[in-house]
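Accompanying notes for the structure given below.
Values quoted throughout were computed directly from the atomic coordinates according to the rules given, and no laboratory measurement underlies them. Nothing here was measured: the structure is a model prediction, and the numbers come from that model.
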Amino acid sequence: MIEPETSISIKQQCEMLNISRGYYYYQPVELSEEDLKTMEKIDELYTEDPTRGTRRLSRALRKRFHIKAGRAKVKRLMGIMGIYAIYPKKSLSISNQPPMSGKMSRRIGS
């Protein structure tokens with residue numbers, strides 16, 4: 001892939017591979033103990049009621065466990081965990097056309 005000890009600079013190697021230098025130098029940061037504990041509590045609350053979204057989960061964390069986690073943090077942690085609120089989605093399979101009435105619908109049906 002990219003080798004730092006060559007005659008070609010890292011910038012040129014990244015350009016040849018079509019990746020950014022930020023991607024090359026990126027060092028992932030591990031989750032803190034606080035985030036892991038918060039994720040554990042989010043999982044507990046989500047198991048109780050999967051219809052809770054980020055607003056209700058952050059409020060429940062504050063009230064039940066005295067954990068100060070804002071909506072954005074709860075959303076980020078839920079994304080890492082791969083969970084999301086369950087709610088009724090828009091029904092896209094239903095047509096916008098009104099149902100047929102009168103003699104036409106009887107002819108088609110028979």
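Relative to the globular-protein estimate of 2.2 N^0.38 Å, the Cα radius of gyration of region 28-100 stands at 1.48. In straight-distance terms, cross-link reach from Lys41 covers every one of the aspartates and glutamates whose alpha-carbon lies under 14 Å from its own, apart from those fewer than eight places away in the same chain; here that gives Glu33, Asp49.
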